Structure formats: structure tokens, C-alpha cells
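Have a look at the structure below, then the notes.
Taken together, the values in this text are just the output of simple stated rules run on the coordinates, not laboratory data. Keep in mind that what you see is a predicted model, and the values were worked out from it rather than measured. All Cβ positions, even for glycine, are placed from backbone atoms using ideal geometry, and neighbour counts span all protein chains on display.
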Amino acid sequence: MAELSAALEIKRILNSGNFTGLAKVCEALELECSEAPPTAVAPMEPLWFVHLAAYLVESDLDNARFLWKRTPPAAKAANAELQQLWEVARYLWSKNYPAAHHALATVQWSPEVVPLIAAIRSSLTQRAVQLVSNAYSSISVNHAANLLGLSPPETIQLAEELGWRLDHSGAMLMPRLSQQWHPPDLDLQHLNKLTNYVIFLDS
Amino acid sequence: RVTISLDDVYWRDFLLQVQQFLKACSKAQILLAPQKFAFVCRKFVEVAIAQQQSKRTIRALQSALLKFQPSPEHLTPLHADFMQVCLVSKCYHAALPILQQEILEVNPAASALVPRDLLLYFYYAGMVYVGLKKYREAIDSFQLCITAPATALSAIVLEAYKKYVLVCLIVHGQVVPLPKYASSLQRHMKAAAQPYSDFATAYVEKDLKQVNLCFTANYAIFEKDTNVGLVKQCIACIAKKKIQRLTLIYLTLSLADIAENAKLSSAQEAETHVLRMIEAGEIRASIDQMNGMVCFHEDSAVQDGSDMVQKLDSHIAQVTSLTARLQRLHESISSDPAYLQKISVQDRQSRYDAEEMGFDVLNEKAAFSSKAMSFDM
């Protein structure tokens, strides 16, 4: 049976290790599979685990929730790892980051999905770092460790790398917002646009 | 509701055939028989939903829709069908490409469109937006459904109004009044959706106890309308709204004070709430855990960068194109024979009266036609 083009694309992305755009291709695969004639002997099944993991890498919890509702019960029952991944998604939905990190770290994932799980963990940590530097002017090390899913010593190390200050008691971190300011790009084209605006307003 | 009394074999074949047809049909051919084509698509959707095979219709319908539309700004009956299957099959993401089309034109002759299709499309679109948590777009969509000109209240409009009330509460904390061009059926809508109006009134006070009382009192009605989820989201937003109000009054506030103001159980809970709101971009603040304080920032951050300029440019371009379109619309109406006839009748009448009374004919005529122009616009 010919492999669906979307399935080939997914294989390529998984092999490359760069998971951007994976969710879109999984969506295309799901719709392609749904169009198969009902009489087909061995119909192609959508890759439910990969699809869910792709959503979690992008922290797209709304679409993850709808995907779970669409997944047929047979697919859920057959794949224990899928159910474990959904547990992680549920923790993320209720913003229980420590539990989500714990689940990701402690479950014995099969070797094929380990890169995906690693991608989910690193994306979670990155988002947490962004959030902490945005939201906190001072935060206890333990609390930060909880949010970032790291141990306290690892948190302190990461903080040093990011340039956050540690206070003298050793228990409080002062995150710093690393905001990049891009100067506006003004050139002749912009002058053209402004001229057009003035002409329009005068007419 | 259509009950299909076909054998398995027949519906299977039918779905497959139409699926392949929709993908392969030629644009020129289907435009010659719009009514039949729309009818086939509608039956396709009905059978698929009845047989729980709605997912398989999505791509076929999408390609058919894109072929059937005279332009990406035209509404067709297939729009409503497409939204329906996306909702039923829970493939909300698949609806986005069509939702992003800006619907500005209708051509009933070319697309066999009836008003019901328009109401259904905007109602379903609103529901998809709610599912994707795009509440502002949902409000716009529901508003388009509710403000469609009508002389009698339609069930679709009533359901859209109920959801409109709830989504307004989530976004604005109160029901946004409908624009002036809305039909005069507003009073009937409010009366028919009394529990929702009561809920909205209780909500404006932001008193959690009152709101919960109203919720439990009307639970059966909310459940029948499948709006319980939305109502619960409204209630969950109350603490958020209270905290947002605080940002307008205070520059810094202790977590304990926030908890007291927003009726939360502890400073810990207040911190969680504030953190979630910062994550969602609903407020700009920074938490000082060492002192248990929150510092609220001004809304306008340093945004002189290039992305701000780009945003401004795109907004201005949008307004320019909209103005040009309005200008064309104005010109086309002014040269419409029906309109000119109406104008000339009124003109003749005014001239007759003016001569009778000896007024200045020219002034009268100018005043009349300018009044008629503004009335038509």
C-alpha cells in the first residue's frame, strides 16, 4: 500500500530533529486518513502519539484537548504511552508544571519517542524561563526550580548563565528581562508609503 | 432533520462518490448549476453526520468551497456546511483557513444563497472561535448573526444572542450594546433569553455569591442550551476582572491585599492568579516574592520598534482599502436606476410643493438630495 505523502513528511521531520511544523503535517495526515474508502483492507491510521506530542511541543493545549476528544477509544486503549502523554497534557492544562515535569522525567518512554519528549521538556523549560523573567522581580529558588522543572542547584546554574542576580542569602533570584529592542527600519519605501497616506488623506 | 433509510452499501458509496466528485469537479461546470450543487453538498454533510463520518467531508468541502466562491470575499451555502462539519468532527483547526476569509459580498443568484445560510455560518463561526478561545472574533461573528436585518426572531439568532451575552461577559465583563443598525428585535431577543439577561445583570456587580446563585437557579436552562461550559468560564473570569480593575487604581499592591480584594482564599492563590494573567498577556506586572508585592506596569511598553511600525502600516493599509471599497459602493448606489428613480420622485414632489409655496427651489433640492444620500449610506 502506498504511503501517504503526509506520513512520509512526518518521518522526515522526526528524523531531522527539528519539530517546527510537525503539528500542521499531522493535521494533514489525520484528514488524509479519514478520506480512505471504508472498504480498505489495511487503512492508514493517523499517528496519534506524534500528533499529541507535536501540540505539546508548541504548548497548543486547546488543539491537544480537541485531538484527545477525536482520538478513537480503540487507539487510546492500545497505546499506554499515549495515555501517559495525555496525563502530562492534563497537568499542563491545569498549569501544574512540577507534576508535568515529573511525569515527563519519570515515565519510561520507548526509544523512538525520546527525542519528542526531550523537545517537549526543553520547550516547557524555555517558556518557563521567559515567564519567570517577565513576571518576577524576585523569586525564591525553590519556587523557580518548581516552575522550571529543574533541581535547585541546576536552577542556580541556569540563573547564572542568564545573568540573573542571586541575593546574599542564596535563596532569592532576581530575574532580568532580556528584551531586545529593534530599531525601526526606515528607508525610501517607507517614504513612499507616507506620501501615499498623505495623498489619500487629502483626497 | 433527515432520516436516511439507506443500506450501508449505498451510503458508503454515496459518500465516496461525492467526496471524489467535490475534489475533481470543474469550476466552470458547477457554476452553471449552483442550486443543485449546493443541494448535493448539503445532503453530503447530512449523510456524513448521520453516519458519524463527518471528518472525511472536510477536505472535500474545502476544495469545493474554494471553487464555488466567485471570489474569496463571497459567502456561499457551503460555508455554513463546512463550519458545521468542523464543529461536529471537533476539527476546529481545519476551520481556520476559511474563517480567515473576510466575507464582504453575497450573490444569491450565483451561489444559491439563502439568509439561513448566512445566519448559520456566522453562528457556527462564532462557536469555532469560542472553542479556539478567540473570544473577540467570536463576539464579532455572533454580532454579525444577531444584527442581520429581519422582521421576525429566528431560532438561530436567538441561540447566537445567548452565546453573545456570555462571551461579552468573558471579554468585557458586561454585555456590549448592539450597534444602532441592529434590528428592532432586540427587545424580543432579551425577553426570550431572560435567564441570560439575569445572569448578565448579576455578573456586572461581580458578586461571586449572587452570580453562583443565578447559575444554580438557571442551570437546567443553561444545560438545555449546552452553554454550561461558557457560563463556567464566565464565573472563572470574575477574579480576573477584579484584578484587572486593581491595575487601574494601584501602582503596587501586596499579594494579601489582592487576595482580599478579589475574594481569593490566600496570597498564594493571588500569586497564582497574577502569574497566569501575566502568562496570558492579560496584565503587565512583576511579582516581588521577597516582599510579597506586585508592581503593575503601564500598558504601553517601549514599542517604538520595527514591529510596531509594521503593525501601524498594516492597519493603515486596511483602513485605506476599506475606504476605497466604501467609495465604490457609494458610487454604485448613486448610479443605481432604482435609487435615481426614488430621488427624482421626491425631487419632483419637492419642486411642486416649493413652487406652490414660492420657496427657493434650488436650496430645497440640495437639502433633499443630501438628506437622501446620508439616509442611503
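Things worth noting here:
- Around the Cα centre of chain B, unit charges on the Cβ atoms of Lys, Arg, Asp and Glu (plus for the first two, minus for the last two) sum to a dipole of about 1180 debye.
- Cβ-derived FRET efficiency at R0 60 Å, residue B:7 paired with residue A:203, nearest 0.05: 0.35
- Were the residues from residue B:46 through residue B:276 laid out at 0.36 nm apart, the gain over their Cα-Cα distance would be 78.6 nm.
- In this structure the amide hydrogen of residue B:293, modeled in the peptide plane, comes within under 5 Å of the amide hydrogens of B:255, B:288, none closer than 5 places in sequence on its chain.
- Measuring spread by the Cα atoms of the range A:1-78 yields a radius of gyration and Dmax of 12.7, 37 Å.
- Spatial separation of Cα centroids for the range B:113-191 and the range B:236-294, in angstrom: 32 Å
- For the protein assembly as shown, diffusion coefficient by Stokes-Einstein and Kirkwood Rh (Cα), 37 °C, 0.692 mPa s, µm²/s: 115 µm²/s
- Screening chain A for whole DSSP H helices with an alpha carbon extent of at least 24 angstrom along the helix axis and a mean Kyte-Doolittle hydropathy of at least -0.5 yields A:114-135.
- If you run the Gaussian network model on chain B, springs between alpha carbon atoms under 10 Å, then out of B:40, B:211, B:167 the most flexible one is B:40.
- Cα-centre dipole for the protein assembly as shown with unit charges at Cβ (Lys and Arg positive, Asp and Glu negative), debye to 20: 1320 debye
- For residue B:63 and residue B:345, a Förster radius of 51 Å and the Cβ-Cβ distance give a FRET efficiency of 0.55, rounded to the nearest 0.05.
- Three principal axis extents describe the C-alpha atoms of the range B:1-135; from largest down they are 41, 36, 25 Å.
- GNM flexibility winner over chain B from B:126, B:173, B:292 (Cα, springs under 10 Å): B:292
- Cut-off 17 Å, label 7 Å out along Cα→Cβ of residue B:100, residues of the range A:4-37 by amide N: A:21-28
- Using the Stokes-Einstein relation with a Kirkwood hydrodynamic radius computed over Cα pairs, the translational diffusion coefficient of the range B:1-73 at 20 °C and a viscosity of 1.002 mPa s comes to 168 µm²/s.
- Per-residue ellipticity at 222 nm, computed for chain B from helices alone with -39500 (n - 2.57) per DSSP H run of at least four residues, works out to -22000 deg cm²/dmol.
- For the pair residue B:23 and residue A:5, label points projected 7 Å from Cα toward Cβ lie 1.0 nm apart.
- Sparsely packed chymotrypsin sites (Phe, Trp or Tyr not before Pro) within the range A:35-106, loop by DSSP, other Cβ within 10 Å at most 15: none
- Longest to shortest principal axis, alpha-carbon extents of the range B:158-261, angstrom: 47, 33, 17
- Separation in nanometres of the label points that stand 7 Å from Cα toward Cβ, at residue B:221 and residue B:151: 2.9 nm
- Debye log10 I(q)/I(0) at q = 0.13, 0.20, 0.26 Å⁻¹ for the range A:49-120, Cα point scatterers: -0.32, -0.80, -1.37
- With bins 10 Å wide beginning at 0, the percent of Cα pairs of the range A:27-146 falling in each bin runs 11, 40, 29, 13, 5, 1, 0.
- Using only alpha-carbon positions in chain B, the gyration tensor eigenvalues give semi-axes of 42, 35, 23 Å once each is multiplied by 5 and square-rooted (largest first).
- For chain B, a Gaussian network of Cα nodes joined below 10 Å ranks B:60, B:48, B:24 by mean-square fluctuation, and the top entry is B:24.
- Point-to-point label distance, residue B:88-residue B:184, nm (Cα→Cβ direction, 7 Å offset): 3.9 nm
- Only helices reaching 27 angstrom along their own axis (Cα) with mean Kyte-Doolittle hydropathy no lower than -1.0 count here, and for the DSSP H runs of chain B these are B:228-249, B:306-334.
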